1. Pull up the stretch 339-381, narrow it to residues that are of a type outside the set (S, T, N, Q) and in contact with a Phe, Trp or Tyr (Cβ under 9 Å, 6 or more places away or on another chain), then point me to the one that is farthest from V276 (Cα to Cα).
2. Checking the condition in contact with a Cys (Cβ under 7 Å, 6 or more places away or on another chain) and not acidic (D, E), which residue from G289, G373 passes?
3. Hey, any hits in the stretch 7-18 for a residue that's part of a helix (DSSP H, G or I) and at pLDDT below 85?
4. I'm checking my understanding of the structure. Among residues of the stretch 133-178 that are open to solvent by 10 Å² or more (accessible area, probe 1.4 Å) and in a strand (DSSP E or B), which one is nearest to L209 (Cα to Cα)?
5. Against the definition (on the phi < 0 side of the Ramachandran plot, surrounded by 20 or more Cβ atoms within 10 Å (Cβ to Cβ) and touching an Asp or Glu at 6+ places or on another chain (Cβ under 8 Å)), how does N302 come out, yes or no?
6. So which of S243, S230 ends up being open to solvent by less than 30 Å² (accessible area, probe 1.4 Å), of a type in the set (S, T, N, Q) and within 24 Å of G61 (Cβ to Cβ)?
7. What number of residues in the stretch 204-221 are part of a loop (DSSP other than H, G, I, E, B), open to solvent by 10 Å² or more (accessible area, probe 1.4 Å) and not basic (K, R)?
8. Taking the stretch 282-328 only, how many residues are touching a helix residue (DSSP H, G or I) at 6+ places or on another chain (Cβ under 7 Å) and of a type in the set (A, V, I, L, M)?
Amino acid sequence: MHRQAHPGRQRGMFLPALVVLLAVGGLGWLLARQDSTASRNLAREMRTAQALGLAREALLGFAATYRNTEHPNSDFGYLPCPDLDGDGSSETCGGQDQTSVGRLPYLTLNLPDLRDGAGECLWYAVSGSFKNNPKPVALNWDSGGRFRLLDDGGRTVALPGDEAGLAAAIVIAAGPPQAGQERSAGPERCGGDNEASNITQYVEAIRVLSGTGVIDIHSAAGNDRIVAISTGDIYRLLKGRPSYGPWLQKVLQANADCLAKARLPAVVGPERRGPVELGQLPAFDTLSGPCRNENLRDATNNWSGVMRYARCIDDTDCLTSAGGKCRGALIFAGERLTGGGAQHRQGGTGTPGIDDYLEPATLAALTTGQLAGLPSTIALPLADRDKPVTTDVALCIP
């Protein structure tokens, strides 16, 4: 059975984080007065906001705990693929780096049968740079999303943690059908029908459903309600976990140990800085050691683009650290600087520019051969997870 579109429907919008709190007060006031059209509309908006909020929190929890139990050999931060075949669960979605759009995989997320205020199941889109199957080449806090959210005026909606303001994933409540949309009768449960391939009969905000480039999300295109997940959202949650700093430290140390075991291989794209040549790391698939261990391989690959490698030019121990003399150093560059002296990076795989990764104090220490003033431990801002982790960390390679 097909349902007809209703006239006078509100246009689409992105739901801000406070919409639930604002709506609760209004809902109580209206419902206390009478069963009016306004109260019924607000009740539907509240149900939509609640469903979207639950879905968003579940996806963030999935990313923040991805390595736990079910994926012990993976890094943190991945998001699931959508439900593409109507079974309520995530599956393999497209090729590497391809964006994927489908139904919210609520069973994979251990969620109940979520619906919006119109009784419709939720939709979900994930960037190829964040999805878990197949995984991207590298995933870290420099990874960029692929969804550019546009407001009613066509202006980009700013999002935290992504240099270009792009979303890693979005969840969409389709609302009642628009003119020209034909939908099957609603299933008894979400994921119990074959509508997962019919997104154009539900969603107006997305006009491109796949690819590796940026996809515009149009808020004014219809009656969709949308919440976004940014790079900053994912890593702000991870940085708030006491175990995350030690995890990154373990990854950094594993890479340093592999370089030491390989007797300090050549630097990639070297630049001379005082007594050292400085640049990117060699490919780790040519090395052996802890960075190639099964339970660290994914993470060491993900974070190598954020690291920089220095080696003494004359093969001596030209660097001095708090622990003694060093023939080289592995530097964890942390998050990019913003504001004055901003650093610009292009995705999680890393770019050659050294100044876009290392701070002036770090470059000065390498030039003088004195590493003792640089920290050797990754200290995350657990009390203020909104603060970027910009301080470089340097490990001595003896």
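1. Filtering the stretch 339-381 down to residues of a type outside the set (S, T, N, Q) leaves 339-342, 344-345, 347-348, 350, 352-361, 363-366, 369, 371-375, 378-381.
Then drop every residue that is not in contact with a Phe, Trp or Tyr (Cβ under 9 Å, 6 or more places away or on another chain), which leaves 345, 348, 350, 378, 380.
Numbers: R345: 23, G348: 25, G350: 21, I378: 23, L380: 28 Å.
It comes out as L380.
2. Working: G373 fails: in contact with a Cys (Cβ under 7 Å, 6 or more places away or on another chain).
The conditions single out G289.
3. Initially, the stretch 7-18 is screened for residues part of a helix (DSSP H, G or I), giving none.
No: zero hits.
4. R148
5. On the way: on the phi < 0 side of the Ramachandran plot: yes; surrounded by 20 or more Cβ atoms within 10 Å (Cβ to Cβ): yes; touching an Asp or Glu at 6+ places or on another chain (Cβ under 8 Å): yes.
So N302 passes the test.
6. Working: S243 fails: open to solvent by less than 30 Å² (accessible area, probe 1.4 Å).
Result: S230 is the single residue among S243, S230 that is open to solvent by less than 30 Å² (accessible area, probe 1.4 Å), of a type in the set (S, T, N, Q) and within 24 Å of G61 (Cβ to Cβ).
7. Quick first cut of the stretch 204-221, residues part of a loop (DSSP other than H, G, I, E, B) only: 204-205, 207-210, 212-214.
So of that shortlist, the ones also open to solvent by 10 Å² or more (accessible area, probe 1.4 Å) come out as 204, 207-210, 212-214.
With not basic (K, R) added as a condition, the list becomes 204, 208-210, 212-214.
Count: 7.
8. Of the residues in the stretch 282-328, 5 are touching a helix residue (DSSP H, G or I) at 6+ places or on another chain (Cβ under 7 Å) and of a type in the set (A, V, I, L, M).
The values are calculated or read from the model by the stated rules, or taken from the named source; none is laboratory data. All values reported here derive from a predicted model rather than from experimental measurement. Note: ideal-geometry Cβ built from the backbone for every residue, glycine included; neighbour counts use all protein chains shown. SASA here: full protein model, heavy atoms, side chains in, ligands and nucleic acids out. Shrake-Rupley method; radii C 1.70, N 1.55, O 1.52, S 1.80 Å.
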